[in-house]
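Remarks on the structure that follows.
Values in this text are rule-based calculations from the coordinates and carry no lab data. Just so it is clear, the structure is predicted and the values come from calculations on it, not from any experiment. Every residue, glycine as well, gets a Cβ built from its backbone with ideal geometry; the counts of neighbours run over all protein chains shown.
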Amino acid sequence: MILHFKEEKMKEKRSFGTILLQIALGIMFLVGGIFTLSSGTGDQIAVAIRTIFTGDIANVVCIILAVIEIILGVFLILRLFINLGTKLDSVLMLIVLICWIVVIVLADFLSSSGLFQSLNKNLLKWLYQFASHLIILGAIIKVRG
């Protein structure tokens, strides 16, 4: 009975909204990684890293996270067309989830535009950024299934 339920769940069709979220996440990660590797500044993740770390350490961490972003973006887009197997798929989606939680902590709490610095400066700007990061986290959870 349990085996039958799992088979049905694997064959379950995703909604159009879930597919759009997956495409958007894939593009966002892919472009963010490429942008970080190709430019000196990078995406929000790179900016947050550069406010915490400096010099060569910041560059190395940015390069590592940019490569991870590119891999995650390609994975999310390929996942629309290719069945990677449930275990591999679950592990990779868990990695996506963990990476984004790390981004939220870095960008929204530890960086120079984080919560503690924003309490005195621009709380509304921080709330907006935090809300957008939570929307992305929600999309990852939804796509993960």
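Figures for the structure shown
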| item | result |
| --- | --- |
| Checklist (1) over 21 Å from Ala46 (Cβ atoms); (2) part of a helix (DSSP H, G or I); (3) of a type outside the set (Ser, Thr, Tyr); (4) in contact (Cβ under 8 Å) with a residue 60 or more places away in the chain applied to Leu80, failing item | (2) |
| Residue in the stretch 23-31 that is of a type in the set (Val, Ile, Thr), in a helix (DSSP H, G or I) and within 19 Å of Val105 (Cα to Cα) present | no |
| Residue within the stretch 93-112 that is touching a Ser or Thr at 6+ places or on another chain (Cβ under 9 Å), hydroxyl-bearing (Ser, Thr, Tyr) and either surrounded by 15 or more Cβ atoms within 10 Å (Cβ to Cβ) or at negative phi (or both) present | yes |
| First in the stretch 29-49 and over 20 Å from Ile140 (Cα atoms), second anywhere and among the charged types (D, E, K, R) and in a loop (DSSP other than H, G, I, E, B), Cβ under 7 Å, 6 or more apart | Phe35/Asp43; Thr36/Asp43 |
| Every residue from the stretch 114-144 that is exposed (fewer than 12 other Cβ atoms within 10 Å of the Cβ) and not in a helix (DSSP H, G or I) | Leu119, Asn120, Lys121 |
